[in-house]
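The values are calculated or read from the model by the stated rules, or taken from the named source; none is laboratory data. Please read all numbers here as calculations on a predicted model, not as lab measurements. Here the Cβ positions follow ideal geometry from the backbone for every residue, glycine too, while neighbour counts run over all protein chains shown. With ligands, DNA and RNA removed, areas are computed over all heavy atoms of the protein, side chains included. Shrake-Rupley method; radii C 1.70, N 1.55, O 1.52, S 1.80 Å.
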Amino acid sequence: MGSSVSFADSELPALGDRASGYVSMQQEHDLGRLWLRQLRSQVSSLDDPLVLTYFEDLIYRLVPHSELREMVLEFIVVDSPELNAFAVPGGIIGINDGIFLYANDTDELAAVLAHELAHLSQRHFSRQIENAERRDPIALATLLASILLIATNNPDAGFAGLVTSQAASIHNQLAYSRDFEREADRLGMLTLAGAELDPQAMPSMFEAMLNANRYREAPPEFLLTHPITSSRVADAANRAEQYPARPRLASFEFSVLRNDARRRYQLKDSKAEEQFIQELSRTTGVKNAALHYNLANIYLNNRDPDKGLAQIEQIESPWRQHSATIALEARLLALNGNNDQAIKVLNDALRLNPNDRILVKPYAPLLVEAGRATEASQLLRKQTELYPTEPSAWQQLSNVAYKANQPIVAHRALAEYLYFSGQRSNALKQMDVALLEARKRHDFYQEAALKERLKAMTESPTSLQ
């Protein structure tokens, strides 16, 4: 969810002033949002509310202890097994889902994110441009286009006019300098410690990346832009010794998401089922609960609700009361033909947290099935207010609004989904249809709102050139 975050003055010098002479904060914001829309049009991203909520909550745990100022953040989780995390100018933060295959716990994942937040807070991209200005001028838009090319592995990704030789020369500038990496390591560790996470997680995560790279023909993208050496791991370990060690967090959410990444990228469902059942006998506590959850999800995908519900019953408290467990149970109940019971389970949970998107996502289609599409539409409109740039929120609203006979809302929501997914021309067409519907119904309030939004879409940047 995009959110404005303000912080008190830090002890660090204000580094944005000189860099702003080359790239303004507004330029970074506008081009960063365009970059994210173009990335979404080129890659498959995950819209599972559990992974999005976990990722965003972890970032917002770190942010108050970082040096970010007045930053509106956007998030994306890319459906890829490759090791990568990135922070793009303008407050875009992303991970590949495959990073869960490398991190052993929340602290190690947080170490990578804290490092990326430091790159953002110190405006390292803009400072690279400033440093290169005299010897090899380069525009931020061109740099971002190069990042998009590499991130998507697609030579057509937002780049008309940028030839391969140019991209190759720019690629050499994408790797952060040793000074910037040391600065990001130092500030990232401060952020980890401030968030009461284990600073030792940074050297241990770097070590895991270094070891994983030894068995690959080509380094993963993260290591190309963030070179890790044995000496850098040692420096991080020495720095971490200055902080008190803290117990690591192997949370229910992390354990579930790590198992899901294993199932998605390393095991097929049949092998994952066998593997997870074997692991049940060797685990206790949170890891055992997570395995039962992942098995129940496999049985949901296999359309075997009885087996899935049996796994849910094996999940102990407090994880039995987790929103993800409740949502999964409701989906299994609905698959078993018990829609009324599924609605009750979700409704009871939503009384405690009415805007929990983990619960809302399965609740809306159940309401539609029960003939309560208007209620479902109202619920989802609230979600788009909370997550106004999240494509999946708009897509679900569009589908439900059609069924609720709300054509203006349906077309507007579809337009927003297309726009934030990088399909701007199609989005503008849907906005035109929504405007026609508003005029036909003499809904002057919605017509005025649609005109204002259409103007903003039309005037938004269209090319990383």
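When ligands, DNA and RNA are left out and all protein chains stay put, how many square angstrom of accessible area per residue does the stretch 288-327 have with a 1.4 Å probe? Can you show the working numbers first?
Working: 1710 Å² over 40 residues.
Ligands and nucleic acids excluded, the figure is 43 Å² per residue.
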Original post:
Where does the stretch 298-427 land on the Kirkwood hydrodynamic radius, alpha-carbon pairs, in angstrom?
Top reply: 15.5
Original post:
Over the stretch 349-447, what is the mean sequence separation of C-alpha contacts under 8 Å (at least six apart), divided by residue count, expressed as relative contact order in percent?
Top reply: 18
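Give the calculated FRET efficiency between SER24 and ALA310 to the nearest 0.05, with a Förster radius of 45 Å applied to their Cβ-Cβ distance.
Details: r = 58 Å, r/R0 = 1.28.
For SER24 and ALA310, the calculated efficiency is 0.20.
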Subject >> Label point distance in nm, GLN266-ALA237, each placed 7 Å from Cα along Cα→Cβ >> reply: 2.4
Original post:
Between rounded, prolate and oblate, where does the stretch 335-382 land on the alpha carbon gyration tensor, with a ≥ b ≥ c its root eigenvalues, rounded for a/c under 1.5, else prolate if a/b exceeds b/c?
Top reply: oblate
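Please give the per residue accessible area of the stretch 51-127, computed with a probe of 1.4 Å over protein heavy atoms only, in Å². All intermediate terms of the calculation are to be shown ahead of the outcome.
On the way: 1550 Å² over 77 residues.
Per-residue accessible area for the stretch 51-127 comes out at 20 Å².
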Original post:
Which distance in Å, rounded to a whole number, links the C-alpha centroids of the stretch 268-317 and the stretch 410-442?
Top reply: 42
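With a 1.4 Å probe and all protein chains kept in place, how do TYR265, TYR387 rank by accessible area, largest first?
TYR265, TYR387
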Original post:
Check GLU74: other-chain or 5+ apart residues with amide H under 5 Å from its amide H, H built from backbone geometry?
Top reply: ILE92, ILE93
Original post:
Can you give the relative contact order of the stretch 287-362 as a percent, counting alpha carbon pairs under 8 Å and 6+ residues apart?
Top reply: 27
**OP:** Could you order peptides 310-322, 415-427, 244-256 by the average number of other Cβ atoms within 10 Å of their residues, highest first?
**Re:** 415-427, 244-256, 310-322
Subject >> Carbon/sulfur fraction of accessible area - the stretch 265-360, other protein chains in place, 1.4 Å, % >> reply: 44
Original post:
How many nm separate the modelled label positions at LEU280 and ARG439, each set 7 Å beyond the Cα in the direction of the Cβ?
Top reply: 6.1
